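Below you'll find the structure, written out as C-alpha cells, and then a few comments.
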Amino acid sequence: MEEEKEQNQNNRQEDGKKNKIKLYTLLVMILALIAIIAVSIWLINTGNNKENNTISYTDLIKQIEEGKVEKVEMTVGSTSIKVKLQGQEEEKHAIVPNTQAFVELIQEKTLEGNVIELEQKSQNIFFSIFDYLFAILPTLLIVALFIVIMKMQGFGDKGKVYDAETTKSKIKFDDVAGLEEEKGEMLEIVDFLKEPKKFYDMGAKIPRGVLLCGSPGTGKTLIAKAIAGEAKVPFISMSGSEFIEMFAGLGASRVRKLFEKAKKIAPCIVFIDEIDAIGSRRTSGSGAETENNQTLNQLLVEMDGFDTEETIIVLAATNRPEMLDKALLRPGRFDRQITIALPDMKGREEILKIHAKGKKFAQDVNLKDIAGDTAGFTGAELANILNEAAILATIRKHEAITHEDIEDAVKKVTVGLERQSRVISDKDKKLTAYHEAGHAIVSSKLQTQKDIKEVSIIPRGMAGGYTMYKTNEDKYYISKTEMEEKLIALLGGRAAEKIALNDISTGASNDIEVATQIAKDMITKYGMSDNLGPISINTEKDPYELQLLGDKFGDAIGAEIKIMLDNAYLQAQTILANNMNQLNKVAHVLMEKEVISSEEFEKIIKE
Ligand code: ADP
Ligand code: ZN
C-alpha cells in the first residue's frame, strides 16, 4: 500500500519533468515556425524582384546619367526601390546600397535640369513587421536556445535535471553484504531517523554528519541508501563534482538549495558523493579554488545552521579523507568517520551470493571458489563479474552460467576485453612473448611470487600480454620480502627484453611505474628502508613534510628508491641469465600457443 503511494509520488514528479520538457520543445517549435514563415515571405519578396524586371545599380546610374529615368519610388527604411524608365510601361526594381546618397544624386540631377520624379513612401506595415522580426530572429533564437540549455542544466530552477536526486530507497541492510560492524554503527542513525523525538527528549546528541571512507565500489552509496531504506526516509543525493561543474559561482547556491530541499522533506538523508571535490583543503588561491572555497564555506554554514530539531543526517563519501579540509571534520560536522574496507573472502562470497540471486548457474559453479580467486576485488567489481558472466553465458547459448563463463568474466573485468581483432606483427609478438616469459620465469624462482595462474600474449585492454597470479588467500599484511620480490618480478619483463633481444621497449612502462610506486611506498610509507628507518612521509597530506626533514633527507629518499630498483633489476637479470633455456622455451611456446596455463608452465620449467 505504502509502496503504491511512493510510486504515485514518483510518477507525479516524473510527469512534472516531462511537462517542462514538452513546454520547451513547444517553444522551440513555435520559434522555428516563425523563422520558416519569415524566410518564405522574404524569399517570395525577393523572388518577385528577381523576375527579369530588375535592374542593377550600375545600370540604374547609367540610365540616370543618360536621362532615361522618369520616376523613382522609394520606401523609407528600405534599399529596394522601383524605377520607371522612359518609354517603358513596367516598373523595374533595383537595390541601392546607400539610399541617402541616392536621393542626393536624384536631387542633383533634377537641379541640373534632368527631372526625375521622386516618390517616397512610408513602409508597408505587413512587411515591416516581418522585416523587423527577421532582423531580430537570430537574436531571439539564440536567446531561446540559451534558455533551453540553462533549464536543462538546472540553472536556478527547481525541476532541473541537475537537481539533487530524491528517491525513496527500497534498499535494506539485508541487501548490503558483509560490513556487519559498519551496519551496526549505522543502526543508531536509523533509530534516530525513525523516532527523533525519543532522542531529543533524552537530550542525546546524534552525529549530524558521517564520513564514509573507502575505495570506489566498496558500497558506500549502497549503505547510505540502506540507511534511508531502513528508516523509511527520503534519500537526497548529489555528487561533489556536480557542485563545481558547469557554471562558476553556482556551487554555493546549489549547496544552499540542496539543504533547503532537505529541510522541507526532513527527516531525510543527504548523501554527498565525492566530497573531496569540494571539501579539499582550502587555499588562498584564485579561480577554481576560490569557487571551491565558496562551495565548501556554504556547506559548513549549512551544517552549522541545522536547528536542533531538524532531523537531517548528512552522509558523505570519499576515497581520500586525508585530503579533506580540517574544518569539515570538526564536531557538529562530519565528526564520525567509518572506513569501508575491501571485502574479505567471506564478504566476497556474501556479495556474490546477493548478486547471484535471480541468475541460473551450472553445477560446476562454486561461489566460494570465485570468492577465493578474487582477493582485492570491490563489491561493484564482483557484481559486475556476475553480470558479465550472465551476458557471456547468453551469447554462448549456455543453459546456465558455467564456471568458465565466470572465469572469463573475471578476466574481462580485470584486464579489459580480449582484443582478438588487433593484428600483431611477428616482431611485436616475439617481444611480448619474451617480456611475459621473463615475468613468469623470474616469478617462478621467487618464493612469494611463484604461484602463476596463466601467462598470455593475447592483448587485453591496454596490456599487450599478461602474467596472472593465483590469489587464494586474503592478506592483511605484506612483508618486506614479498614487496622486494614483487619488484624483481615486475622488472622481469624488461630484463628479458634486454637479455634475449638486446633491446628494451615501451611495453614495460606500466611495470616500471608500479615498481617505482612500490619502492617509494616501502621507503616513505612503510618505513622499510634500512638506511632511513621507520619513518612515514606523506607529501600528499602535508606538502611541507619533506622540507621539515631537510634537503639531505629528500636526496636520501631518491637515492634509496634508485638503489632498490637497480637491485631488483639486477636480480631479475641474474635469474634470467641462469635460466636462459627456460626463458627461450616459455617464449617459444607463447609465440605458438599464445596462452600457457599454470600446469603447462610447471611442466615446461620442470623439463
Ligand atoms: P561506492 O559508493 O562505494 O563507490 P556503490 O555503493 O555505488 O559504491 O557500489 C556499487 C555497486 O556495487 C552497488 O550498487 C552494489 O551492486 C555493489 N556492491 C558494493 N558493495 C556491496 C556490498 N557490500 N553488498 C552488495 N553489493 C555491493
Ligand atoms: Zn610487464
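The numbers here are math on the coordinates, done by the rules we state, and not lab data. Keep in mind that what you see is a predicted model, and the values were worked out from it rather than measured. Reconstructed Cβ throughout: ideal geometry from the backbone, glycine too, with neighbour counts over all protein chains shown.
Observations on the model:
- Inter-part distance, the stretch 185-254 to the stretch 463-509, computed on C-alpha centroids, equals 42 Å.
- Segment ALA362-ASN578, length gained on full extension (0.36 nm per residue, minus Cα span): 73.2 nm
- Take 187-199, 211-223, 105-117 and order them by the average number of nearby Cβ atoms within 10 Å per residue, most first; the result is 211-223, 187-199, 105-117.
- DSSP bridge orientation in the stretch 55-122 - percent antiparallel, rounded to nearest 5: 65 percent
- Only Lys, Arg (+1) and Asp, Glu (-1) charged, at Cβ; the stretch 426-606 dipole about Cα centre in debye: 460 debye
- At R0 = 41 Å, FRET efficiency that the Cβ-Cβ distance of ARG320 and LEU137 yields, to 0.05: 0.20
- Computed with the Debye formula from one identical point scatterer per Cα of the stretch 426-606, without solvent, the log10 of I(q)/I(0) at q = 0.13, 0.14, 0.16 Å⁻¹ comes to -0.68, -0.77, -0.93.
- For the stretch 483-499, 3J(HN,Hα) per residue [Karplus equation, 6.51 cos²θ - 1.76 cosθ + 1.60, θ = phi - 60°, Hz, x = Gly/Pro]: 5, 5, 5, 4, 4, 5, 4, 5, 8, x, x, 4, 4, 5, 4, 5, 6
- Inverse mean reciprocal Cα-Cα distance (Kirkwood Rh) of the stretch 547-607, Å: 14.6 Å
- Förster radius 41 Å - calculated FRET efficiency between ASP344 and THR516 (Cβ-Cβ, nearest 0.05): 0.90
- Amide H contacts of ILE401 (H built 1.01 Å from N, under 5 Å, at least 5 apart or other chain): LYS360, PHE361, ALA362
- With 0.36 nm allotted per residue and the present C-alpha distance subtracted, the THR414-LYS109 stretch has 100.9 nm of extension available.
- Cleavage-rule hits, chymotrypsin sites (Phe, Trp or Tyr not before Pro), the stretch 493-587, DSSP coil, Cβ neighbours within 10 Å at most 13: TYR544
- By the compact-protein rule of thumb, 2.2 N^0.38 Å, the alpha-carbon radius of gyration of the stretch 55-122 corresponds to a ratio of 0.99.
- Packing, taken as the mean count of other beta carbons within 10 Å per residue, orders the peptides 272-279, 232-239, 570-577 from highest to lowest as 272-279, 232-239, 570-577.
- The stretch 313-406: proportion of alpha-carbon pairs further apart than 22 angstrom, %: 45 percent
- Calculated FRET efficiency for the pair SER253/ASN538, C-beta based, R₀ 41 Å, to 0.05: 0.75
- Remark on the stretch 160-340: hydrodynamic radius 16.4 angstrom, per the Kirkwood mean of 1/r across alpha carbon pairs.
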